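The values are calculated or read from the model by the stated rules, or taken from the named source; none is laboratory data. Model, not experiment: these values are computed from the prediction. Positions of Cβ are backbone-derived with ideal geometry, glycine not excepted, and every protein chain shown enters the neighbour counts.
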């Protein structure tokens, strides 16, 4: 199947998960956005050699995935997709930073290796949290929540349009790409040269479409402002969710439970 | 004064590249009429429709909706009167869910939320799409998108319904359903279409555009009986009037 089709189906799948009916799905979107934001801030606030402190943070995605009944293989696949990008960013760490930081028996582990590991862990945690947020809330609801949290409306509208027309653009790109492939007779055709013209055409078509959309909006009385439906519901359960997770992250960040547990175990069994 | 009258006087439109899309186009459509505007590709049909609610501005000539001239000041009122359904529903459905999309027009009209919700429900029920209310538009099939696009306009309670190629891209069942729906709409209707059988069924009056000029304006039955006129305008009779393809007998 065409790579673009697979990507679109995957994206639609992620949106379908958001229609679930668990307690996590039912939490107010604003609360979920704030908790995810606190989580990400806590995770990225560690210094680059940190691993111990990050381990307890894996609890949050694990609990959320279990409670929201999200399929782990799907999320794992999505996380693996980003691996090459992270490795590209941290690939030179082991080569540039060779100072020994840990020693396990006779094996010396350099600071570069630790920082690469820490980078991987942090990326998985933050991207995992973002994926869980989208899979339990839906992109549109997140945008609306961000607006209600004070993000300017113009950004929300941009994000909503981007999301809506991503599918349309992907379908157009897929059709153009298939037409190119079919006329390349199984070979690479004119190679990279034809992609320049193809993307140019896509851009122009997008432009024309944008004009048509604007026309349809004007036809329906659009005057520059979106009149969205405001749903103000913020229950005690939402507040408990927000406070309990925020306090947990704060404790994890300041108390370092992994080190405490280690000291306790080594203290109890010297 | 009726809001349902559409009058076009000496309309001319020249595109930026010098193409004359419309030239001296004049007609008057009265209350409750159902009129088809037909013609070959590039005849100027879509350009003409876009003048009817001020989506594009005429190079010269005038458009009147309910005796009100279309100007910059009257544009908001005219857009409330003329509901336009565009050819590609993907251009028309841009909100996160079907409900939000159908509610877009009524909310822009300043209707309170309860009334908006009622209008949305009625419009979706009318097009048989009430069950799609919570779905995002990109999850809909082509026929569903078309029906929802029509609901987005019906929710604004327009006095004049203008549709560009309403049956294009629909399967035979969806097409038949849509035609039934359009028959129920008793206000003024203006369509462009290549579906001449639909024109024959729904529109007692037809206007033929050819290279930006009105070649004929009259009763649909008379126009489809004129073979020379149809051939000159790159058109042909609807299939229903072409006779049986098996026994070659004419229906006339």
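Below is a table of values for the structure above.
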item: Filter result for residue B:106 (within 8 Å of chain A (Cβ to nearest Cβ), more than 28 Å from residue A:169 (Cβ to Cβ) and either within 20 Å of the chain's Cα centre (by Cα) or in a helix (DSSP H, G or I) (or both)); result: no
item: From B:36, B:40, residue being under 14 Å from the mean Cα position of the chain (by Cα) and farther than 21 Å from residue A:215 by Cα; result: B:36
item: Yes/no for residue B:231 being outside any loop (DSSP other than H, G, I, E, B), modelled with pLDDT under 90, out of contact with any strand residue (DSSP E or B) (no Cβ under 9 Å at 6 or more places or on another chain) and over 16 Å from residue B:165 (Cβ atoms); result: no
item: Breaking point among (1) within 15 Å of residue A:135 (Cβ to Cβ); (2) in contact (Cβ under 8 Å) with a residue 40 or more places away in the chain; (3) surrounded by 12 or more Cβ atoms within 10 Å (Cβ to Cβ), for residue A:49; result: (1)
item: Any hit, region B:45-65, residues being away from chain A (no Cβ under 14 Å), on the phi > 0 side of the Ramachandran plot and not in a strand (DSSP E or B); result: no
item: Single residue of B:178, B:161, B:182 found to be touching a helix residue (DSSP H, G or I) at 6+ places or on another chain (Cβ under 8 Å) and not in a helix (DSSP H, G or I); result: B:161
item: Matching entry among B:206, B:152, B:97 (being within 12 Å of another protein chain (Cβ to nearest Cβ) and under 29 Å from residue B:68 (Cα atoms)); result: B:152
item: Any hit, region B:188-203, residues being touching a helix residue (DSSP H, G or I) at 6+ places or on another chain (Cβ under 7 Å) and part of a loop (DSSP other than H, G, I, E, B); result: yes
item: Qualifying residue in region B:35-43 (condition: in contact with a strand residue (DSSP E or B) (Cβ under 9 Å, 6 or more places away or on another chain), at pLDDT 90 or above, within 21 Å of residue B:157 (Cα to Cα) and surrounded by fewer than 16 Cβ atoms within 10 Å (Cβ to Cβ)); result: no
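To keep it simple, each residue is scored yes or no on (1) more than 30 Å from residue B:231 (Cα to Cα); (2) touching a residue at least 40 places away in the same chain (Cβ under 8 Å).
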{"position": "B:6", "(1), (2)": "no, yes"}
{"position": "B:17", "(1), (2)": "no, no"}
{"position": "B:37", "(1), (2)": "no, yes"}
{"position": "B:56", "(1), (2)": "yes, yes"}
{"position": "B:62", "(1), (2)": "yes, yes"}
{"position": "B:78", "(1), (2)": "yes, no"}
{"position": "B:96", "(1), (2)": "yes, yes"}
